[in-house]
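**Student:** Let me begin by handing over the structure; questions about it come next.
The values are calculated or read from the model by the stated rules, or taken from the named source; none is laboratory data. Note that the coordinates shown come from a computational prediction; the quantities given were computed from them, not determined experimentally. Neighbour counts run over all protein chains shown; Cβ positions are idealised from the backbone, glycine included. The accessibility values were calculated without ligands, DNA or RNA, using every heavy atom of the protein model including side chains. Shrake-Rupley method; radii C 1.70, N 1.55, O 1.52, S 1.80 Å.
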Amino acid sequence: MRVLTGIQSSGALHIGNYFGAIKPMLELQESSDLFIFIANYHALTSLKDSKALKQNTLEAAKIFLSLGIDPQKSTFWLQSDVKEVLELYWILSAYTPMGLLERAHSYKDKVAKGIPANHALFSYPVLMAADILLYDIDTVPVGKDQIQHIEIARDIAQKFNNDHGEIFKLPQFKVDESVATVPGTNGEKMSKSYGNTIDLFTTQKRLKKQIGKIVTDSTPLEEPKEYEGCNLYKICELFMDEDELKNLRQRYKNGGEGYGHFKADLSSKIWDYFEEAREKKAYFDEHEDEVMDILSYGAKKAKKIASKKIETIRKCVGILE
Ligand code: ADP
Ligand code: TRP
């Protein structure tokens, strides 16, 4: 089964991103034919600073490689390295009714947030459809906010197929309901826009500071504490195994220790959990050429499929070659 996911590099990642999106993706890498690319053309819709776009793109590649994307197991590339996607984007545009895009809520949401209403932002779903349809993808794992984009890709594919036969595979979206929402330090959903994150690649000092911000109740140090519903305990659950949790629950019940002690343990647990990724990241920071080589190896693999597919499509619509 071919599964595809696009990453928009949005700077610092937090443990919510990791458990909600990255870890499930690493599991998919083991069980399916994973296609994963960095959507730098899409990023251009909201980022107009060339230096920042370049830097974010490279940073995203390093981060995903550090966290375990394996270029041998998966096809991992940069969207802009396979230009066929732009040709398909244009051809698909001719099969996209205006009404379909006018109904897209993500466009309206972004404009409401103050992102300038440019044409690329409006036609964003068509480029996303091209990303998917170019590679005959079966399934696209998405968060709820992206479901409509996959439905749009299906609608466009169907319109094209109505005219030209079964050229495009209709992609399915998959929302992983089993992935729980990771709470932030204040108990709300962890999100970079709420300033309540625990970040993945940070210094030990900053990590301790972020964990220090986890809100707990005011039970005095010597008294027994309630772990059920405790925000700190919920975050510990992500990093500790059953034995460690059992021990922690006992410590909550015993009293005689404050939340500060539990936080210190959690802090070193998280630090160790991402140690390997941090080391790999430091390596890639020193060896950016290697990152570029990995991306171009992935682009070659992706291009092989894309160039064949685009030939078929050119023929369908009558582009003279
Ligand atoms: P943010 O809310 O910090 O801006 P994004 O919207 O960029 O995060 O999310 C990127 C991915 O990480 C999405 O797939 C999203 O579902 C997942 N994600 C983000 N925050 C959480 C969270 N608190 N718990 C679980 N998954 C999350
Ligand atoms: N729009 C996606 C996001 O913001 C990124 C993306 C671009 C994508 N093209 C894609 C995701 C194709 C899945 C498939 O997260």
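**Student:** Does THR96 count as of a type in the set (Val, Ile, Thr), open to solvent by less than 60 Å² (accessible area, probe 1.4 Å) and away from ligand 1 (no atom under 16 Å from the Cβ)?
**Tutor:** yes
**Student:** Which of the residues that make up the stretch 101-141 are without any contact (Cβ under 8 Å) to a residue 40 or more places away in the chain and of a type in the set (Val, Ile, Thr)?
**Tutor:** Once the filter is applied, which keeps residues that are without any contact (Cβ under 8 Å) to a residue 40 or more places away in the chain and of a type in the set (Val, Ile, Thr), the stretch 101-141 yields VAL111, VAL126.
**Student:** I would also like to ask the following. Restricting the search to the stretch 171-220, which residues are under 30 Å from ASP138 (Cβ atoms) and either touching an Asp or Glu at 6+ places or on another chain (Cβ under 9 Å) or modelled with pLDDT of 95 or more (or both)?
**Tutor:** Within the stretch 171-220, PRO171, GLN172, PHE173 qualify.
**Student:** Looking at LEU47 and the list (1) open to solvent by 20 Å² or more (accessible area, probe 1.4 Å); (2) over 21 Å from the mean Cα position of the chain (by Cα); (3) within 20 Å of HIS149 (Cβ to Cβ), which single condition is not satisfied?
**Tutor:** With respect to (1) open to solvent by 20 Å² or more (accessible area, probe 1.4 Å); (2) over 21 Å from the mean Cα position of the chain (by Cα); (3) within 20 Å of HIS149 (Cβ to Cβ), LEU47 is out only on (2).
**Student:** What are the residues in the stretch 107-144 that are in a helix (DSSP H, G or I) and surrounded by fewer than 16 Cβ atoms within 10 Å (Cβ to Cβ), if any?
**Tutor:** LYS108, ASP109, VAL111, ALA112, HIS119, ALA120, LYS144, listed by residue number.
**Student:** Considering only residues of the stretch 1-33 that are of a type in the set (Asp, Glu) and either within 15 Å of ligand 1 (Cβ to nearest atom) or not in a strand (DSSP E or B) (or both), which is modelled with the highest pLDDT?
**Tutor:** Filtering first and then ranking leaves GLU30.
**Student:** Residues that are surrounded by 17 or more Cβ atoms within 10 Å (Cβ to Cβ) and in the same structural domain as GLY258 (by TED's automatic domain parsing): which helices (runs of 4 or more DSSP H) entirely in the stretch 145-246 hold 3 or more of them?
**Tutor:** Where helices (runs of 4 or more DSSP H) fall fully within the stretch 145-246 and carry at least 3 residues being surrounded by 17 or more Cβ atoms within 10 Å (Cβ to Cβ) and in the same structural domain as GLY258 (by TED's automatic domain parsing), they are 204-212, 231-239.
**Student:** Looking at the stretch 5-31, which of the residues that are within 14 Å of ligand 2 (Cβ to nearest atom) and more than 25 Å from GLN55 (Cβ to Cβ) is surrounded by the most Cβ atoms within 10 Å (Cβ to Cβ)?
**Tutor:** Per the criteria, the residue is LEU28.
**Student:** Next question. Restrict the check to the stretch 34-44 and report whether at least one residue is assigned to a helix (DSSP H, G or I), more than 12 Å from ligand 2 (Cβ to nearest atom) and touching a helix residue (DSSP H, G or I) at 6+ places or on another chain (Cβ under 9 Å).
**Tutor:** Residues of the stretch 34-44 assigned to a helix (DSSP H, G or I): 40-43.
Next, from what is left, pick out any that are more than 12 Å from ligand 2 (Cβ to nearest atom): none.
No; the residues of the stretch 34-44 include none that is assigned to a helix (DSSP H, G or I), more than 12 Å from ligand 2 (Cβ to nearest atom) and touching a helix residue (DSSP H, G or I) at 6+ places or on another chain (Cβ under 9 Å).
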